[in-house]
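Undergrad: Take this structure, written in structure tokens, and hold onto it; I'll ask about it next.
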Amino acid sequence: MDPILEVVDLQKKYGGQTALAGIGFSVSPGEIISVLGPSGCGKSTLLQLIAGLQQPDGGEIRLRGETVSSGSRFVPPEKRRINMVFQDYALWPHMTVYDNISYGLKRKKNSAADIKEKVSELLAMLHLESFAQRLPAQLSGGQQQRVAIARALATEPDLLLLDEPLSNLDMRLRIEMRTEMSYLFRRLGTTVFHVTHDPEEAFAMADRLVMMRNGAIDQIDRPHACYRLPATPSAASLLGAGNRLEGESMFEEGVPALQIGSTIVRGASPVVWNNRMKQAEALFRPDAASWETAIGAEADEVAAAAESSANSPFNRIAARVVHSSFEGNRWRVLAEGAPGRRLALFHHEPLASGTTGHLVVPVADTFLYPLPG
Ligand SMILES: Nc1ncnc2c1ncn2[C@@H]1O[C@H](COP(=O)(O)OP(=O)(O)OP(=O)(O)O)[C@@H](O)[C@H]1O
């Protein structure tokens, strides 16, 4: 199927600062793409270039095969058949919900009967029937957000752009809305380009993730694939791998590993491991780690033997508990691996400060990356 959107070597600078450093990808009809990246990585700039709210310094944007932005051509936003839902919804405050949703259809000179049918359908779909005659100020944040989506869908755009659409909602509503949106867009077959800094929102919505950093793309893949093996340390920490250890790069029985003192940490790496690498880092999620308390010298010997076993599917990292804090259904435990090296894990009960033991982390959930130099 021909792509709806093609972005080719797109570049944008603000003064001397690079916001986009030559990025490219394409989006198929009906696909939901979520762009995920830390603040300042260029997400909003990318969205604005696609919408036509800004012009690129280099590269090209094509919609349905037609060039809409390039060095020699620029199609204005209103001619791109794209709609956008902004962070603050940008509803017209003096218009009712009904008028907000029908506005684009009226401008397109649809018949009154067609408009009524279409708006009624959208009101029903987004559970807004009883609010049709209200003004935006008389609605909750979640209701306003649904009106913004209904308005954006009314004119059946080729591409819907969503800029952090849930960031103004409370957590419960965010979880509810991301599931509803994911369902709605798939049911309608809407092609969506969605920007967020919230990994869970991206996971819930996306067919494919675009992981960005410093104006460049680190990884484009299905959410599950990015989660299983993030392509870069930045992608890994963005996807929750907040525990980090540094050591010397090595192989352990042919498996990529790093050595930290007497501890060997094996893992999976998206990079082809080789003997020329010197230093490396290991990242893993707190959720991937479980805890084993050391009980006496005998247990320590067994543990040490297990630790050195190259065939075990687990890494065992000696640590001492620093603090446990309650999180509702579990406890977050802070432990110290080596002096000054804090590691987090979750446990079903609190662990007393000073308890010694091991973090047990599956090798498959330990991500290894070489350090430069
Ligand atoms: N109008 C502007 N003038 C100068 N620099 C800008 C302008 N807009 C963005 N930038 C810079 O370009 C880079 C990318 O900004 P952008 O807003 O695209 O990032 P973002 O990923 O959307 O960030 P956030 O998640 O915080 O919204 C940042 O370093 C930012 O400071």
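The values are calculated or read from the model by the stated rules, or taken from the named source; none is laboratory data. Please read all numbers here as calculations on a predicted model, not as lab measurements. So basically every Cβ, Gly included, is an ideal-geometry build from the backbone, and we count neighbours across all protein chains shown.
Undergrad: Select from region 121-159 the residues that are under 18 Å from Arg107 (Cβ atoms) and over 25 Å from the mean Cα position of the chain (by Cα) and list them in ascending order.
TA: Selection gives Leu122, Arg151, Ala154, Thr155, Glu156.
One line per residue, one yes/no per condition, for (1) farther than 22 Å from Leu188 by Cβ; (2) assigned by TED's automatic domain parsing to the domain that holds Leu184; (3) assigned to a loop (DSSP other than H, G, I, E, B):
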position: Gly71; (1), (2), (3): yes, yes, yes
position: Tyr89; (1), (2), (3): no, yes, yes
position: Pro93; (1), (2), (3): yes, yes, yes
position: Asn100; (1), (2), (3): no, yes, no
position: Lys109; (1), (2), (3): yes, yes, yes
position: Val119; (1), (2), (3): no, yes, no
position: Leu122; (1), (2), (3): no, yes, no
position: Arg134; (1), (2), (3): yes, yes, yes
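Undergrad: Filtering region 153-171 down to residues that are part of a loop (DSSP other than H, G, I, E, B) and within 16 Å of the ligand (Cβ to nearest atom), which residue is modelled with the lowest pLDDT? I'd like the intermediate steps shown before the answer.
TA: Taking region 153-171 first, the residues part of a loop (DSSP other than H, G, I, E, B) are 155-158, 164-170.
Those still in the list that are within 16 Å of the ligand (Cβ to nearest atom) too: 164-168.
Values: Glu164: 87, Pro165: 83, Leu166: 83, Ser167: 82, Asn168: 77.
Per the stated criteria, the residue is Asn168.
Undergrad: Given the structure, is Ser44 within 19 Å of Phe185 (Cβ to Cβ) and either within 16 Å of the ligand (Cβ to nearest atom) or part of a strand (DSSP E or B) (or both)?
TA: Criteria not met by Ser44.
Undergrad: For region 178-254, please list each of the strands (runs of 3 or more DSSP E) lying entirely inside it that holds at least 3 residues being away from the ligand (no atom under 16 Å from the Cβ), surrounded by fewer than 16 Cβ atoms within 10 Å (Cβ to Cβ) and not assigned by TED's automatic domain parsing to the domain that holds Gln48. First the steps, then the outcome.
TA: Values: elements: 192-196, 208-213, 216-221, 243-252.
Qualifying strands (runs of 3 or more DSSP E): 243-252.
Undergrad: Moving on. Scan region 257-278 and report the pairs whose first residue is in the same structural domain as Phe314 (by TED's automatic domain parsing) and whose second residue is among the basic types (Lys, Arg) and surrounded by fewer than 18 Cβ atoms within 10 Å (Cβ to Cβ), with Cβ atoms within less than 9 Å and a gap of 6+ or a chain change.
TA: Ile260/Arg341; Ala268/Arg228
Undergrad: Among the residues of region 70-99, count how many are within 16 Å of the ligand (Cβ to nearest atom) and either more than 20 Å from Val195 (Cα to Cα) or buried (at least 19 other Cβ atoms within 10 Å of the Cβ) (or both).
TA: 2
Undergrad: A follow-up question, please. Check region 227-238 and report whether any residue there is among the charged types (D, E, K, R) and farther than 30 Å from Ile115 by Cβ.
TA: Filtering region 227-238 down to residues among the charged types (D, E, K, R) leaves 228.
Within this subset, residues satisfying the condition of being farther than 30 Å from Ile115 by Cβ are 228.
Within region 227-238, one or more residues are among the charged types (D, E, K, R) and farther than 30 Å from Ile115 by Cβ.
Yes/no matrix, rows are residues, columns are (1) loosely packed, with under 15 Cβ neighbours inside 10 Å; (2) of a type in the set (A, V, I, L, M); (3) under 15 Å from Phe86 (Cα atoms); (4) within 16 Å of the ligand (Cβ to nearest atom):
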| residue | (1), (2), (3), (4) |
| --- | --- |
| Glu117 | yes, no, no, no |
| Leu122 | no, yes, no, no |
| Met125 | no, yes, no, no |
| Gln133 | yes, no, no, no |
| Arg151 | no, no, yes, no |
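Undergrad: Now, a different point. Which residues, counting only those in region 6-41, are in a loop (DSSP other than H, G, I, E, B) and more than 9 Å from the ligand (Cβ to nearest atom)?
TA: Gly16, Ser28, Pro29, Gly30, Glu31
Undergrad: Turning to a different aspect of this structure: Can you name the residue in region 255-271 that is modelled with pLDDT under 95 and assigned to a loop (DSSP other than H, G, I, E, B) and, of all such residues, is farthest from Val360 (Cα to Cα)?
TA: Per the stated criteria, the residue is Val271.
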